[in-house]
Amino acid sequence: MDAGAPLLEMRGMSKSFGPVKAVVDVDLALSAGEILGVVGDNAAGKSTLMKLLTAVHRPDAGEILFEGRPVRIDSPHTARKLGIEMIHQDFSLSPNLSVVDNVFLGREVTRSILGLPVLNRKKMKEVSRKVIGETGIRIDSVQTLVTDLSGGQRQVIAIARALASEARLIIMDEPTASLSVKTIPPLLDLMRRLRDSGMAIIFITHRVQDILLTCDRVMVMRRGSCVGVSTVANTSIEEVTGLITGSREAFGMLPDHAEH
């Protein structure tokens, strides 16, 4: 990876569903140790763009570069192997399983006994405690059932699962949507700490105020297109909101490939 090159680049991404153009020739760049906020209304194409990155949908056009090299992401598994994890709005957790079982769901650690693979529960518990500890948010026991956790704690488990997989880029799709007002600031603080540790984060949200508090840059989408990208320091809630609604042009907005 070239020094200063983005960790991720998406170039000319497009996707249609029948006559509906969900994503139209969108570029995106993201560096390690950066949070990019992606905002727009419900039909803006934010989540669809991320599903192109994680191969939930196949793009009609465009290319993806990771660490400066073109990559073919043909399945969510391929995305995870690159270190790209997406945390969905529903967290994709199994409520009747324990914290540790959710952290390692689908990627359990095994060891061999008499030539047979068995779950290495000790190792999984150790790693679960470590990654949850890194979030700075308290969960009494990794044996606790997810159904007994609060919305904020469930969000932490979803993030811990990404950390346990050694993700380098985490996509967070409306992470505050199911949280109470008092649990949002600790989550935003956690995102900033992950960013400061070198994690790259894409933060999809409707809450423009959270973008301005947390992100390094903001990308505004409308009707499937990117209508502007700016450093947070060079924009305002009024400008971003105007771009979302279409009442304001891209005044003061930077192109997506601008240095940051």
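Taken together, the values in this text are just the output of simple stated rules run on the coordinates, not laboratory data. Predicted model, so just to flag it, every value in this text is computed and none were measured. Ideal geometry is used to build each Cβ from the backbone, glycine not excepted, and the neighbour counts take in all protein chains shown.
Per-structure values
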item	result
Note, ³J(HN,Hα) from phi for region 84-97, Karplus 6.51, -1.76, 1.60, rounded to Hz, x at Gly and Pro	9, 10, 10, 9, 7, 4, 8, 6, 6, 9, 9, x, 8, 9
Chain lengthening between residue 112 and residue 43 when straightened (0.36 nm per residue, less Cα-Cα)	19.9 nm
Estimated inter-spin distance, residue 212 and residue 25, nm [label 7 Å along Cα→Cβ]	3.1
Counted charge near residue 165, where neighbours are those whose Cβ lies closer than 9 Å (Asp, Glu -1; Lys, Arg +1)	+1
Pair residue 60, residue 119: separation of 7 Å Cα→Cβ label points (nm)	4.5
Cα gyration tensor shape for region 66-119, rounded if a/c is under 1.5, else prolate or oblate	oblate
Charge dipole (the chain, unit charges on Cβ, about Cα centre) - positive-most of 183, 30, 18	183
Positive minus negative residues near residue 119 (Lys, Arg vs Asp, Glu; Cβ under 12 Å)	+4
At R0 = 51 Å, FRET efficiency that the Cβ-Cβ distance of residue 126 and residue 233 yields, to 0.05	0.80
Helix-derived mean residue ellipticity, 222 nm - over the chain, DSSP H n ≥ 4, -39500 (n - 2.57), to 500	-8500 deg cm²/dmol
Cα-based reach from residue 125 at 19 Å (exclusive), listing aspartates and glutamates while leaving out same-chain residues under 8 positions away	101, 108, 134, 140, 148, 166
Projected area, mean over directions - the chain, Cα convex hull, nm²	15.2
Furthest towards positive pole of dipole, 104, 162, 118, structure part region 92-167, Cβ charges	118
Neighbour net charge for residue 81 - beta-carbon separation under 15 angstrom, K R +1, D E -1	+1
Hz values of 3J(HN,Hα) by residue in region 111-125 - Karplus curve (6.51, -1.76, 1.60), Gly and Pro given as x	9, 9, 10, 6, x, 10, x, 10, 4, 9, 5, 4, 5, 5, 5
Dipole magnitude of the chain about its Cα centre (Cβ charges: Lys, Arg +1; Asp, Glu -1), debye to nearest 20	900
Amide H within-cut-off set for residue 7, under 5 Å, with H built and near neighbours excluded	30, 31, 32
Built amide H within the under 5 Å cut-off of residue 61, gap 5+	14
